[in-house]
Structure formats: C-alpha cells, structure tokens
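A.B. asks: Here it is, the structure, as structure tokens.
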Amino acid sequence: MPLTPERVEQKLRERFPDAAIERQTGDAVRDYTLYVPGESLVEMCTFLRDDAELDFGMLPWMGGCDHMPAVPRFETVYNLLSLSNSLRFTLKVRIAEEQPRVPSVVAVWPTANWHERETYDFYGIEFTGHPELTRILLPDDWVGWPLRKDSPLGYEEVAFTHNTPNRRLPSPSLKKLAPKKVKYRAQ
Amino acid sequence: MSDTPEFKPLRTLAPSTAPGELVMPKTADELLYEEVERGLLFTKVESMVGWAMNQARANAIWPLSFGLACCAIEMMAIAGPRFDVSRFGAEVFRGSPRQADLMIVAGRVSIKMAPVVRQLYEQMPDPKWVIAMGACSSCGGVFNNFAILQGVDKIVPVDVYVPGCPPRPEALLHGIMKLQEKILASKPEIGPIPRKRVLKQKGVA
Amino acid sequence: MRNETMTINMGPQHPSTHGVLRVALELDGETIVACKPIVGYLHTGMEKQAEYKTYTQSIPQTDRMDYISPMSNNLAFCLAAEKLLGIEPPARVQAIRVLLCELTRISSHAVWMGTHAIDIGALTVFWYTFREREKVLSIYDHVAGARMTSSYFRVGGLSRDIPEGFLERCEKFVDEMPAHIDEYESLLTRNPIWLARTQGVALISGKDAVAWGVTGPTLRGSGVNYDLRKNEPYSGYETYQFDVPVQSAGDAYARYQVRVQEMRESVKIAKQAIQRIRELGEFGPYRVRDFKYVLPPKEDVKTSMEALIHHFKIVAHGFFPPVGEAYSKVEAPKGELGFYLVSDGSSRPWRMKVRSPSFINLQALPVMVQGRMIADVIAAIGSIDIVLGEVDR
Ligand code: SF4
C-alpha cells in the first residue's frame, strides 16, 4: 500500500502525543500541511527522516512567509520529499513577531543551510543553532529585511518631462554635440 | 508627380556636358597634375595619425567577456556561428579587463554588483568604451525595485545604449557599428595625456 | 617549516563562472582546503516584485530567472497558479507545452555542453551546439515572437495558438537532432583530454546528493533514479514513452553522459508530442473555458456581452484565486524547479517562493571539490550547470 499523507500525520501524532500538531485547513490549501510547534521541530524532522517507512530523506526547499496583520506574524515552511515513496509533505512553524526565532534543521538536512540564510536575509528570522547565519543574497551591509510586508519595494519614479521639473526636451543646440555622421568603411 | 519616388542611385555619374559645348582636350601638363593629385594625400601629420589611430581602434575593438544576466547569452550568440561578430572586428573577447577596451554591460546590475562593475571599468586601460546592452542596464528594465541599479549610467559613462529585453544579436551588432562610428568621429588622444589635464579630471587642480 | 594556506578569490568576473558567481578558495599548494561560494551578485528581488504584480504579470519575470530554459520556468509558474485555481488545461495544450519544454531541454543542454567544454578548454563544441540552439530559438521566435524571453504559456493555456508551419518546423528539427548529438559525442565522448578532465572529478555520492537536496541530472549522475516526469508526473508526462538515464559514477563525466542521453530521450518525447498534437487537431482551442480565471476567446468577446465583461475584468484586474496556497514543480533541465504561491484572495500573490535548482545544486559545490585540485573547481562548476539568474533570482 502506498504511503499516504494521512498515515504520516498519524505516525507523527503517535510518536509525539503531547505536541500541538494541527492540520492547515482552507478551501484552496492544495498540499497536505501540518502546523507543528517550533520546540519539537528538530526532533520531528529527525524522526521523519530516519523512520524506515516514512524515509523523508530530502528537503527540497524551505522558506518563510510574512502574514503581517495576523498574529503570530511569521511562519516558516518546510517541504519534505520521500524519494522511495514519491511523497511530499509540508510542515509549518508559526513564529511571533518579537524576536522571531526558530531552531535550525541544518543538522538534519545540510541543504537547509542556504535556505535558512536566505530566509534570515529576507525576513530577519533567526535560526538558532545555524553554523553561519549571515546575509546571502543581499550585500552584507544592507539594513532592513526586504521581504517583510512593511518594507517598501523601493520603486524609483521614471523621469519623464511631466514629473521632473528640470528635465527639458533635447534642444536643437544639442545636435552639435552628437557625433558627426561618417562613413566607417573607406571605399 | 509627387508620389513617384525620386530615383536615387547610390553613385551618380558626373553630369554629361551640355550638347554643343566645346570641350578643350587637356594638355599633357594638366593630365600630369591630375595624376599627381590623385596619388597624393595632402594633410597635416597630426590629423593623419589621428585618422589612422581611429581606424585602428574602431576596427579592432576588444570586448571584455563579462556577462551578467540573460543578455549575456545573446552576447555569447554574437560570437557564435550565426551572427559572427568577427565580421566587424570585435571577436577577441578578453577575460581580463586590463586587455579590453570595450565593456558590454550585458544584464541587470544589482546593488551588490555595482562596485564590482565600477572597479572593472577602472581597471580597463584608456581609451575605453561602454555599451549598455538591454533594458536593464540602460534604465532598470522591468525590475524597478530595491535590488537593481536603475541604469548602469549611474556608475560608468555609457557610449551606446542598445534597447531590447534582450536585444536581438543583430541589435547588438548595430550597437557595435554605432560605436565604431562614434570612435571614427572622435578626436583621438595621441601620446600620454598631459598631466595637468589628468589632475583636472580628478578634480585636484 | 610553517604550514600556511593561501586564500584566493575567483569571480565575480571570471570567464568560467557562468555569470557572476564568486568563489573564495583556501588553498594548500594546489589542493583545496576550503571552498565557499558567495552568491547574490545578481539578486533581482523577483520574489518581492511578484507581490506587486498580478499573476499574469509575473510570467515574464519567470523567463528571466533561468534564461536558458524559459519555457520550463513559464510552465512551472503556470502549473502552480493552475493548481491554486483548481483548473487543468486541455490535452492539446498540454501536448504543446510538453513539446516546447522538451525542445527547451535540448537547447539548455546544448548551451551547457558548449560552455562547459569551453571552460575545460575544448572550444570547438561551442560552435556546434550554438548552431542547434539558434534553431530552437528561431522556433521560439516563430511561436512566441521572442527569441529568449518567450512568456508563451498563460495560466490556463497558451498566449495564442501555434502558428502555421510550426509542427513541420519542429519535426524537421527533431529529425535531424540525433545526428547532431552524434556529432557532439564524436567530439567529446572518447576524447582523452575530456576524459582526463571529467572522470573522477567533482565526485558526490548518491547519499550526499540527497542530503544536500541536489536534483536533476546531477542527482541522476550519482545513481539516484528520481525524475519528476516519471515519479510525480505533470502535464500528462505519464502517457509518454521514455527512459530516465541514470549513471552511478557520480562524477562530472557521469553527468555529461546523463545529459547527452537526456537529449536523445527529449527527441523521443518531442516526436510523440508532435504526433499527439496532430491527432488532437493542429489548431483549436488553446485555453480553458473558465471565464472567471482565463481570458475568453476573441470570437466570443466580439459576439457575447458576458465574455466581453469577463475579458475586461481579467485584463483590468487579473483573476482572483481562492484563499490558499499551492506548490507545484517541474523537472526543468537543471533539476526540480518549483513555485510556491500563497494567495490571500486578491489578484496578486501574497507570497511567491521559487525553489530554484541551481541555487540548491550550487550549495553542494564544496562537497564536490573538497581536497581536490584547483583546476577541478572549474570542471565542477561547469558540470552542475548553474545559471546565476536563477541562483540569485
Ligand atoms: S534587459 Fe531583459 S534580457 Fe537583458 S538582462 Fe534585463 S531582463 Fe534580462
């Protein structure tokens, strides 16, 4: 019998009876997603990876998301893949706005290293236990967390004549500055 | 008739002499003078050297092989078999900025990359030219946001802008030909630039 | 005697880093002690910008991520949005998508082969592979109107129908492609210099590859048989006959063999797709008939009031997906490319996250070159086939 996500949830609940596990609901939640508490995240991930039946050996990606007016504000998303069962499973951790902090899963899957750095770079979520939590995509001296919803896009107005007072249409006198038309191949 | 276009051949023949006009045959002396004038070029030495230098610079541009994003792939395509930039003398792509005299900024310049681009430009020996290839390096293109420099002309002087996203290789070739025109029309610097002027450019004196 | 290591910097401007990758290397003589890729020199803020654009407006951005295989990127985004909406395009549209994606795979692998060979010192291959790539680009030009940044797929279908003479053109290309692949192979496969530079170089075991999240030909070159087209099929791939090439050596040469074989398999799939499009009708409806989300056909707009209103609404505001989220992935030429979309019910995505294969495969570079010679770094970077536009997004 092929492994189903329900079976994964059942096994997880059996192994962690006390943890507050909650299935994400909604009309258009297309992937099987569980909310798990941050404290037991590393243990759960190790269990999911090492269990012979589940065998979630790969972490294809993880990322963050900012649900600004909602409380708690942030969440991190972990997409797990079991190669032997061709099954995907999604875990989510909710994170509060002050001191956003979540344990790092680099010890479970080394590939989480850059993903967590990227999430830190974009959202300022701190991953405790990460070997080297620095900015990755933005310059090191960047200030702010660009993908947070309260951070602006940084739009720069296009300079047209109607919105730039000192901009003039090219005057005929500028023609003098233009390069002379020459033939560049001697005949 | 106004709607028939005027026929303009590329080279017009000299107007024939009006019928009935008497044409004097040229003397042997006059023929000799014409022959001498045709074979000789009377000019100042300086302008002739300048002309020769411009010709040399325009017809052997060495671009820096430096690609940033999508446009770089089209820049590679002009070196490929179909477009073959060596027809215009610009096929020697150099890996080091110290050997190149044209920088084709092919792609979007991020804020993180901008200092690097500027440094590469400064490492190139004079005379040097810059082509901004594509919408991104000309003005930011579709990426009007926090991460992308809105036009590479904010950090280096640009000689030719090639529009497009990405420009077709033909458009880049046209840009290179425009640059050749510009080089041919420019006043070349011969010999080392006077020190006074260097200081002035740097704003010291 | 003191034992000192030297740190050297490679890039961001280096002819063989495929763009603006920077690698900091710590060397002991010529042996690599530590290798640290530094990325972000092409960070474009696409994920942020997508939050300010409607779903359809985001499609052109996806072309500019992996600019060597634009169609696969379009497909991944459209599939994610379709999953969110709960619609599925007609079979004919799926066949056209499969055909174009397989042509994309051929052209992407051709570019990879040319540039990788240049890095290693074999310049000739470049002229051959770019010849075929130009043919694929003119096919794009024919069907989408742009050579590289095609933006041809739409959520729920295509931007327009395939033009006349398109299938014949594709057929001609796939018929002559196997001979060209033989040509490339005659230049490289048994070339002793090529073998010396790639065999046993950039080794990564299957176990490491899985732990580092490596996907695509790099994973299959390490003996792990996982291809999304077979294991988690999309766009009707389960109905095509093809094999997934796997090599167990885990070195740069194995990846080369996998990619060459993949090109041959792509030719097979493309032939079947052409056949299928012919069977389903060369011209026909090319979008889902669900006017809440997808533009109605032009004839309807001109004859029916309701269609006109839908057309106007979708062009002016975009469509409004239900509140929720979806992750969808395709087997792009470089590995698993996925888009994670979160919708808050408005016409713009609340969050778009890109799972880009190059970013994750590049992370395994230190594993591949640890303790090896400095010259192998070039071969390793080339063999994992990265595109910096996708690494930095
Ligand atoms: S102009 Fe277009 S093709 Fe060129 S780098 Fe920018 S986005 Fe890419």
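The values are calculated or read from the model by the stated rules, or taken from the named source; none is laboratory data. Please read all numbers here as calculations on a predicted model, not as lab measurements. With ideal geometry, Cβ positions are generated from the backbone for all residues, glycine too; neighbour counts draw on all protein chains shown. Just the protein is used for accessible areas: all its heavy atoms, side chains included, with ligands, DNA and RNA removed. Shrake-Rupley method; radii C 1.70, N 1.55, O 1.52, S 1.80 Å.
A.B. asks: What is the angle, in °, between the Cα long axis of helix A:41-50 and the longest principal axis of the Cα atoms in chain A? Nearest 10 is fine, range 0 to 90.
C.D. replies: Once rounded, one gets 70 degrees.
A.B. asks: Among C:123, C:99, C:362, determine the one that fluctuates most according to a GNM of chain C built with springs between C-alpha atoms less than 10 Å apart.
C.D. replies: Fluctuation is largest for C:123.
A.B. asks: Then there is this: Am I reading the C/A interface right? What is its buried accessible area, both sides, 1.4 Å probe, to the nearest 100 Å²? Kindly include the intermediate steps, with their values, before the conclusion.
C.D. replies: Values: alone 16220 and 12640 Å², together 25050 Å².
So the buried area, both faces added, is about 3800 Å².
A.B. asks: Would region C:166-258 count as rounded, prolate or oblate if I go by the C-alpha gyration tensor, calling it rounded below 1.5 in a/c and otherwise prolate when a/b exceeds b/c, oblate otherwise? Let's see the in-between values first.
C.D. replies: On the way: a/c = 3.28, a/b = 1.15, b/c = 2.84.
Oblate, since a/c reaches 1.5 and b/c is not below a/b.
A.B. asks: Next up: Apply the Kirkwood formula to chain C: the hydrodynamic radius equals the inverse of the mean of 1/r over all pairs of different alpha-carbon atoms; give it in Å with one decimal.
C.D. replies: Working: mean 1/r = 0.0457 Å⁻¹.
Evaluated on chain C, it is 21.9 Å.
A.B. asks: Based on alpha-carbon centroids, what's the gap between region C:1-62 and region C:64-143 in Å, whole number please?
C.D. replies: 23
A.B. asks: While we're on this one: For chain A, just list the percent of Cα-Cα distances falling in each 10 Å bin from zero outward, please.
C.D. replies: 8, 28, 25, 12, 7, 7, 8, 4, 0
A.B. asks: Hey, what did region C:79-172 get for relative contact order, percent, Cα under 8 Å, at least 6 apart?
C.D. replies: Working: 67 pairs, mean separation 24.4, N = 94.
Answer for region C:79-172 is 26 percent.
A.B. asks: Summarise the accessible area of chain C (1.4 Å probe, protein heavy atoms) by the percent that is carbon and sulfur. Can you show the working numbers first?
C.D. replies: Numbers: 7010 of 13030 Å².
For chain C, the apolar C and S fraction of the accessible surface comes to 54 percent.
A.B. asks: Buried accessible area for the A:B pair, summed, 1.4 Å probe, in Å² rounded to 100? Before the final figure, lay out the partial values.
C.D. replies: Details: alone 12640 and 14220 Å², together 25250 Å².
When A and B are taken together, about 1600 Å² of accessible area is lost.
A.B. asks: For Cα pairs less than 8 Å apart in space and 6+ apart in sequence, what is the mean separation divided by the residue count of region A:112-160, i.e. the relative contact order in percent?
C.D. replies: 32
A.B. asks: Please label the shape of region C:234-393 as rounded, prolate or oblate, based on the square roots a ≥ b ≥ c of the eigenvalues of the alpha-carbon gyration tensor (a/c under 1.5 means rounded; beyond that, a/b larger than b/c means prolate, else oblate).
C.D. replies: Values: a/c = 3.56, a/b = 1.72, b/c = 2.07.
Because a/c hits 1.5 or more and a/b fails to exceed b/c, region C:234-393 counts as oblate.
A.B. asks: Provide A:33, A:46, A:25, C:239 ordered by accessible surface of protein heavy atoms (probe 1.4 Å), highest first.
C.D. replies: A:25, C:239, A:46, A:33
A.B. asks: Relative contact order for chain A using alpha-carbon pairs under 8 Å, separation at least 6, rounded to a whole percent? Mind dumping the intermediate values first?
C.D. replies: Details: 266 pairs, mean separation 28.5, N = 187.
This gives 15 percent for chain A.
A.B. asks: Then there's this: Once you have the Kirkwood Rh of the protein assembly as shown from its Cα pairs, apply Stokes-Einstein at 20 °C and 1.002 mPa s and quote D in µm²/s. If you can, show how the numbers build up before the last one.
C.D. replies: Values: Rh = 29.0 Å.
D = 74 µm²/s.
A.B. asks: Heavy-atom accessible area of residue C:164 with all protein chains present, probe 1.4 Å, nearest 10 Å²?
C.D. replies: About 150 Å², ignoring ligands and nucleic acids.
A.B. asks: Starting from the residue with the highest accessible area, list C:18, B:174 in decreasing order, probe 1.4 Å. Don't jump to the answer; show the numbers that get you there.
C.D. replies: Working: C:18 40, B:174 100 Å².
Order by accessible area, largest first: B:174, C:18.
A.B. asks: Using a 1.4 Å probe, what is the accessible area per residue for region C:246-360, in Å²?
C.D. replies: On the way: 4540 Å² over 115 residues.
Computed with neighbouring chains in place, this is 39 Å² per residue.
A.B. asks: Now, a different point. For region C:1-148, just say rounded, prolate or oblate: build the C-alpha gyration tensor, square-root its eigenvalues into a ≥ b ≥ c, call rounded for a/c under 1.5, and beyond that prolate if a/b exceeds b/c, oblate if not. Don't skip to the end; give the middle numbers.
C.D. replies: Values: a/c = 3.03, a/b = 1.68, b/c = 1.80.
It is oblate, given that a/c is not under 1.5 and a/b is not larger than b/c.
A.B. asks: Continuing with this model, one more query. Towards the positive end of the charge dipole of region C:229-269, with charges on Cβ (+1 Lys, Arg; -1 Asp, Glu), say which of C:261, C:247, C:235 has the farthest Cα.
C.D. replies: Checked the options; the winner is C:261.
A.B. asks: Then there's this: Using only Cα atoms and rounding to the nearest 10 degrees, what angle (0 to 90) does helix A:5-15 make with the longest principal axis of chain A?
C.D. replies: 60
A.B. asks: Comparing the chain by itself with all protein chains present, which residues of region C:282-328 are at least 50 Å² less accessible (probe 1.4 Å)?
C.D. replies: C:325, C:327
A.B. asks: Still on this structure, please answer the following. Can you pull out the buried accessible area for chains B and C, both sides counted, probe 1.4 Å, rounded to the nearest 100 Å²? Don't skip to the answer; put the middle values down first.
C.D. replies: Values: alone 14220 and 16220 Å², together 27630 Å².
For B against C, buried area totals roughly 2800 Å².
A.B. asks: Compute the accessible area per residue over chain A, keeping the other protein chains in place, probe 1.4 Å, unit Å².
C.D. replies: 53
A.B. asks: So how tilted is helix A:112-123 from the main axis of chain A? Cα-based, degrees 0 to 90, rounded to 10.
C.D. replies: On a 0 to 90 degree scale, this one is about 60.
A.B. asks: Whole Å is fine, so just give me how far the alpha carbon centre of region C:168-195 lies from that of region C:261-322.
C.D. replies: Centre-to-centre distance over Cα atoms comes out at 34 Å.
A.B. asks: Here is a follow-up. How many Å² of accessible area per residue for region B:74-194, probe 1.4 Å?
C.D. replies: Details: 4550 Å² over 121 residues.
Per residue, region B:74-194 has an accessible area of 38 Å².
A.B. asks: In whole Hz, what ³J(HN,Hα) sequence does region C:253-258 give by Karplus (6.51, -1.76, 1.60; θ = phi - 60°), x for Gly and Pro?
C.D. replies: Those phi angles translate into 5, 4, 5, 4, 4, 4 Hz.
A.B. asks: Any of A:92/C:53; B:128/B:187; A:149/C:334; C:135/C:329; C:135/C:298 with alpha carbons more than 20 Å apart? Name them for me. Numbers along the way, then the final one.
C.D. replies: Details: A:92/C:53 26 Å; B:128/B:187 14 Å; A:149/C:334 31 Å; C:135/C:329 27 Å; C:135/C:298 31 Å.
Over 20 Å Cα-Cα: A:92/C:53; A:149/C:334; C:135/C:329; C:135/C:298.
A.B. asks: How large is ³J(HN,Hα) for each residue in region A:53-63, as worked out from phi by the Karplus curve 6.51 cos²θ - 1.76 cosθ + 1.60 (θ = phi - 60°), to whole Hz, x for Gly and Pro?
C.D. replies: 6, 6, 6, 7, x, 10, 10, x, 7, 9, x
A.B. asks: List for region C:173-213: residues with 40 Å² or greater reduction in accessible area, all protein chains versus chain alone, probe 1.4 Å?
C.D. replies: C:210, C:211, C:212
A.B. asks: Taking the convex hull of the alpha carbon atoms in region B:95-154, what volume per residue do you get, in Å³?
C.D. replies: On the way: hull volume 4.2 nm³, N = 60.
Once divided by residue count, the hull of region B:95-154 is 70 Å³.
A.B. asks: If you don't mind, another one. Would you kindly derive the ³J(HN,Hα) couplings of region C:290-300 from the backbone phi angles with the Karplus curve 6.51 cos²θ - 1.76 cosθ + 1.60 (θ = phi - 60°), listing them in order in whole Hz, with x for Gly and Pro?
C.D. replies: So the Karplus estimates, Gly and Pro as x, are 9, 6, 6, 10, 10, 4, x, x, 4, 4, 5 Hz.
A.B. asks: If you wrap a convex hull around the C-alpha atoms of region C:1-84 and split its volume per residue, what is the figure in Å³?
C.D. replies: On the way: hull volume 11.2 nm³, N = 84.
So the per-residue Cα hull volume is 133 Å³.
A.B. asks: If C:77, B:93 are ordered by their accessible area, calculated over protein heavy atoms with a 1.4 Å probe, which sequence runs from highest to lowest?
C.D. replies: Details: C:77 0, B:93 55 Å².
Most to least solvent-accessible, the answer reads B:93, C:77.
A.B. asks: Taking only DSSP H segments of four or more residues, each worth -39500 (n - 2.57), what value at 222 nm results for the protein assembly as shown once the sum is divided by all its residues, to the nearest 500 deg cm²/dmol?
C.D. replies: Values: 27 runs with 311 residues, N = 785.
My calculation for the protein assembly as shown gives -12000 deg cm²/dmol from helical runs alone.
A.B. asks: Then there is this: For region C:110-247, take the alpha-carbon Rg, divide it by the Kirkwood Rh, and send me Rg/Rh. If you can, show how the numbers build up before the last one.
C.D. replies: On the way: Rg = 18.1 Å, Rh = 17.9 Å.
Rg/Rh for region C:110-247 comes to 1.01.
A.B. asks: Oh, and also: Given the protein assembly as shown, what percent of its DSSP beta bridges are antiparallel, to the nearest 5?
C.D. replies: On the way: 49 of 68 bridges.
Within the protein assembly as shown, antiparallel bridges account for around 70 percent of the total.
A.B. asks: Okay, next question. Note every residue of region B:76-96 with a reduction of at least 40 square angstrom in accessible area, all protein chains present versus the isolated chain, computed with a 1.4 Å probe, or write none.
C.D. replies: B:76, B:81, B:82
A.B. asks: To the nearest whole number, what is the average tally of beta carbon atoms from other chains within 10 Å of the beta carbons of peptide C:223-232? Write out the running numbers ahead of the final one.
C.D. replies: Working: counts 0, 3, 1, 5, 0, 1, 0, 1, 5, 4.
Average per residue, whole number: 2.
A.B. asks: Which percent of the accessible heavy-atom area of region A:1-123 goes to carbon and sulfur, probe 1.4 angstrom? If you can, show how the numbers build up before the last one.
C.D. replies: Working: 2370 of 4870 Å².
So the carbon and sulfur contribution to the accessible surface is 49 percent.
A.B. asks: Right, next: Rolling a 1.4 angstrom probe over the protein chains, ignoring ligands and nucleic acids, what is the accessible area of residue C:219 in square angstrom, nearest 10?
C.D. replies: Solvent-accessible area, nearest 10 Å²: 0 Å².
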